[in-house]
1. Tell me, yes or no, whether segment 7-20 has at least one residue that is part of a strand (DSSP E or B) and in contact (Cβ under 8 Å) with a residue 24 or more places away in the chain.
2. Given (1) surrounded by 13 or more Cβ atoms within 10 Å (Cβ to Cβ); (2) over 16 Å from Asp88 (Cβ atoms); (3) among the hydroxyl-bearing types (Ser, Thr, Tyr), identify the lone condition not met by Tyr8.
3. For the structure I just gave you, tell me whether Arg90 is touching a Lys or Arg at 6+ places or on another chain (Cβ under 9 Å) and modelled with pLDDT under 95.
4. Considering every residue within segment 91-98, establish whether at least one is closer than 17 Å to Ser30 by Cβ and either under 14 Å from the mean Cα position of the chain (by Cα) or among the polar types (S, T, N, Q) (or both).
5. Do we find that Arg78 is under 28 Å from Ala25 (Cβ atoms), in a strand (DSSP E or B) and over 23 Å from the mean Cα position of the chain (by Cα) in this structure?
6. Can you work out which of the residues in segment 107-128 that are loosely packed, with under 10 Cβ neighbours inside 10 Å and of a type in the set (S, T, N, Q) is modelled with the highest pLDDT?
7. Scan (1) under 19 Å from the mean Cα position of the chain (by Cα); (2) more than 20 Å from His109 (Cβ to Cβ); (3) surrounded by 11 or more Cβ atoms within 10 Å (Cβ to Cβ) for the single condition Ala25 breaks and write down its number.
8. Would you check which residues across segment 21-35 are aliphatic (A, V, I, L, M) and either touching a helix residue (DSSP H, G or I) at 6+ places or on another chain (Cβ under 8 Å) or in a strand (DSSP E or B) (or both) and list them?
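The values are calculated or read from the model by the stated rules, or taken from the named source; none is laboratory data. Since the model is a prediction, treat every value here as computed from it, not as a measurement. Here the Cβ positions follow ideal geometry from the backbone for every residue, glycine too, while neighbour counts run over all protein chains shown.
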Amino acid sequence: MVKGREAYRLLSPLWRRLRLLISRAVVARSDSARGMQRLQLDLLRDETRDVEHHEPYGLTARPKRGAEAIAAAIGGARGHLVALVVGDRRYRLKGLKEGEVALYDDLGHKVYLTRQGIVIDGAGQDVTIVNAPTVHMPGDLRVAGDVYDGVSSMQAMRDVYNDHNHPENDSGGPTDTPNQEMS
């Protein structure tokens, strides 16, 4: 039977290897130009590694310097680290209700699947839909600002309609403006 110091001597290398399988890290640099994103991670004291960042299918994000990562040593080999998860507590949305989901970034943009519906927050910037020949919306559209058709605004079209007149067929003079305005 192995006791005391002998057990420590035998198990110590195994314990060290187990502790090094999973590590916390800080992102020092990122490169999203390749098929698999690469991150430079600062791990243990004076240990910096370039690693692959494995992301879920259909989702990608380029982390900012200072984000935190969990790195795993594949097959127990410290020379073959990969980043499994990267998070950034500086920008993470807080206070979500159980079951809610959100996409977000460092500028405050977010798509938030709330219990009451979906909220898209452009953080004061435009929201653009591209490469969609038709946008289908079976419900009502409520717009607080103006609506543009690529040439003029709906308000400008209303103003033209509400003030329009044209020659009378019989008298040749202009007609009165419409008795019902477009609002």
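1. No, that holds for no residue.
2. Just one mismatch for Tyr8, condition (1).
3. no
4. The answer is yes; a qualifying residue exists.
5. No, not satisfied.
6. The extreme case among them is Gln116.
7. (1)
8. Those that are aliphatic (A, V, I, L, M) and either touching a helix residue (DSSP H, G or I) at 6+ places or on another chain (Cβ under 8 Å) or in a strand (DSSP E or B) (or both): Leu21, Ile22, Ala25, Val26, Val27, Ala28.
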